[in-house]
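Each remark here refers to the structure printed beneath this line.
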């Protein structure tokens, strides 16, 4: 979520048959890194209770909230078993998720049933190989640029994400641009909302100006808290206005009553 990629690695001690998966966190380098500004620090207990016998591990976003969880496969000597680790840390950071589809349709079922009986068109599956990049401006005014391919490997046990996630850190600004490149063609979209999922349909492949993009916004906790605070303030203001209006009506009623009594006394 801070914009720097971490690594999942499965390690084992020499002459020990119990490997374990560890998280290598991308942190700022303090000393001994030469010209490199960042390094990896092993988090030995980050994936507890998966302590021993982990054969492999991979990142995955279970809840579609931009926070990467982990899939781990354990081996007890006879069979393999898959498990899931939920990342329960509360990140005050933004992200953008981009998924590029093939744009191909199924000839037998080009439309599928959506909600409320509405028909929806199919756009194929995840496309391996496209290049995805973004540019944004940080809170300090610095330009941040990131590039990543989607599904760059197709070998045995290749556990890549079917999409690309860019961590933006604590950057409340709009993403300046997102560029998708495929087969010597590319298209750029500007002013992308943070905490959103962007689905790109690059079809036709040789006509980049016809490529489509659909944006799905994921509300963050900060937005929900802001809405709740704004609702509470509006409710408080409404109550104050109501009380003042009631008091004003009561005073007007007293004034009218006083005027009626005065008129009656003068008439006598």
Considering the chain as a Gaussian network with a 10 Å cut-off on Cα pairs, which listed residue, 46, 228, 28, attains the greatest mean-square fluctuation? 228
Relative exposure of 164, 138, 78, judged by other C-beta atoms within 10 Å (fewest first): 78, 138, 164
Taking the simple approach of a point 7 Å from Cα along Cα-to-Cβ for both residue 176 and residue 154, what is their distance in nm? 3.5
Which distance in nm do the two modelled labels at residue 217 and residue 199 give, with both placed 7 Å along the Cα-to-Cβ direction? 1.8
By how many degrees, between 0 and 90 and to the nearest 10, does the Cα long axis of helix 221-267 differ from the longest principal axis of the chain? 0
Given a Förster distance of 51 Å, report the FRET efficiency between residue 224 and residue 257 from their Cβ-Cβ distance, rounded to the nearest 0.05. 0.55
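Going by how many other Cβ atoms sit within 10 Å of their own, how do 186, 258, 21 line up, fewest first?
Arranged by neighbour count, lowest to highest, 186, 258, 21 become 258, 186, 21.
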Taking the Cβ-Cβ separation of residue 42 and residue 138 as r and a Förster radius of 35 Å, what is the calculated FRET efficiency to the nearest 0.05? 0.80
Fluctuation leader among 176, 17, 252 - the chain, Gaussian network, Cα springs under 10 angstrom: 252
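Each value in this text was obtained by applying a stated rule to the coordinates, not by laboratory testing. Since this is a predicted model, take the numbers as computed values, not measurements. Note: ideal-geometry Cβ built from the backbone for every residue, glycine included; neighbour counts use all protein chains shown.
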